[in-house]
């Protein structure tokens, strides 16, 4: 695609992301609190995050394979459909107080969150190589509106849930079901032309950024780019999920309301997506390696500030969570650019799905480990560990850039 052709499908992707962002925020905002209430244990409060991120791993595999075989549109539509089913399952589990129903429903809900992130690859598919960072960032930025609005609707959706005889904390999942359903409908009806047409799904010519000599495998530079991009996204996702998931639990344990936790998470989610346009331009101009270094430094600062912030200081913790979101944004956009550049179109969608499996599993690991660490060592230790882990992004990016001779993504 070239010229003005990508504008319509990119606009449709943007609109669907606005809708689905509200669904993405449900599990982030109240998932841990709902599990804490139903399971009666702070140490198990990270289970929902681990489950829906593990579910997103399964969803990423399925969406990647479906997209490679049938196109981006069917893959994204079916992923959001699974998100609808999972959201409704969580609501039913809360109404019935059934942990046995809650756990599989959170897994299925995770497919919706995987779809939201997989849409960024469709955005990259629509752009020439020197504008991929901006295309990815445009799709991510669109998530901001819904993702910020979702946590701030905790009270409204909670009241609606109570009116329907459902526990208040299940309310955001009602919103998630509607949001994912609307996004699926928009994509099914309006995403034309297909971002990944049949001629590019198999045996199509690679573009000028991913070309290898005929009959050869990936070049050393491509392998480095794929490994570095994957590592950056794995580390940033693990750190972000671990610290973000336990923040509402930490706030409530020190006397703050659910609404306060929702506001902090809303600002955090906004910081995850709001900087995307600037991040995309930065990636295109300076190169993804340098933006990845900035990701590691920013996440380290977030961990240190969260560890040092007094428990009663909502502003201090809010700044830390905003930095956490910004650092994650830097890592996701730069990592996506590295991975997309390293993969030829003939296997791009399926391979991107596998990369996102790793990202989801990293998030699941962070979510699962964060609860016990919080219960045994406290929030400051959890935050400090996250910051130290994030610092590993810096040497990964620096070594990869040196191996590429400092090449820029332009």
Point to revise | Tally, over region 98-115, of residues that are surrounded by fewer than 24 Cβ atoms within 10 Å (Cβ to Cβ) and free of Cβ contacts under 8 Å to residues at least 24 places away in the same chain | key: 4
Exercise for review: Could you please let me know if residue 319 is in a helix (DSSP H, G or I) and either farther than 16 Å from residue 293 by Cα or in contact with a strand residue (DSSP E or B) (Cβ under 8 Å, 6 or more places away or on another chain) (or both)?
Suggested key: yes
Practice item. Filter region 299-318 down to residues that are surrounded by fewer than 24 Cβ atoms within 10 Å (Cβ to Cβ) and under 20 Å from the mean Cα position of the chain (by Cα) and give me whichever is modelled with the lowest pLDDT. Key: 318
Revision key, fill the gap. Among (1) modelled with pLDDT of 85 or more; (2) not in a loop (DSSP other than H, G, I, E, B), residue 165 falls short only on (2)
Check your understanding: Does region 273-289 include one or more residues that are outside any helix (DSSP H, G or I), within 17 Å of residue 120 (Cα to Cα), touching a residue at least 60 places away in the same chain (Cβ under 8 Å) and within 16 Å of the chain's Cα centre (by Cα)?
Key -> yes
Revision key, fill the gap. Within region 89-137, the residues that are on the phi < 0 side of the Ramachandran plot and not in a helix (DSSP H, G or I) are 98, 126, 127, 128
Point to revise | Meets criteria (under 25 Å from residue 35 (Cβ atoms), in contact with a helix residue (DSSP H, G or I) (Cβ under 9 Å, 6 or more places away or on another chain), touching a residue at least 12 places away in the same chain (Cβ under 8 Å) and not in a helix (DSSP H, G or I)) for residue 372 | key: no
Check your understanding: Can you tell which of 337, 286, 292 is at pLDDT below 95, buried (at least 23 other Cβ atoms within 10 Å of the Cβ) and closer than 17 Å to residue 228 by Cβ?
Key -> 337
Practice item. State whether one or more residues within region 401-409 are within 23 Å of the chain's Cα centre (by Cα) and crowded, with 21+ Cβ neighbours inside 10 Å. Key: yes
**Study point:** Check on residue 54, buried (at least 24 other Cβ atoms within 10 Å of the Cβ), out of contact with any strand residue (DSSP E or B) (no Cβ under 7 Å at 6 or more places or on another chain) and either modelled with pLDDT of 85 or more or within 26 Å of residue 262 (Cα to Cα) (or both)
**Key:** no
Review point. Is it the case that some residue within region 68-83 is within 30 Å of residue 376 (Cα to Cα), at pLDDT below 85 and surrounded by 20 or more Cβ atoms within 10 Å (Cβ to Cβ)?
Key: no
**Study point:** Hey, residue 383 modelled with pLDDT of 95 or more and either crowded, with 17+ Cβ neighbours inside 10 Å or touching a helix residue (DSSP H, G or I) at 6+ places or on another chain (Cβ under 9 Å) (or both) or not
**Key:** yes
Check your understanding: Is it the case that some residue within region 138-155 is touching a helix residue (DSSP H, G or I) at 6+ places or on another chain (Cβ under 7 Å) and more than 22 Å from residue 264 (Cα to Cα)?
Key -> yes
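The values are calculated or read from the model by the stated rules, or taken from the named source; none is laboratory data. The model shown is predicted, which means the values in this text are computed figures rather than measured ones. Positions of Cβ are backbone-derived with ideal geometry, glycine not excepted, and every protein chain shown enters the neighbour counts.
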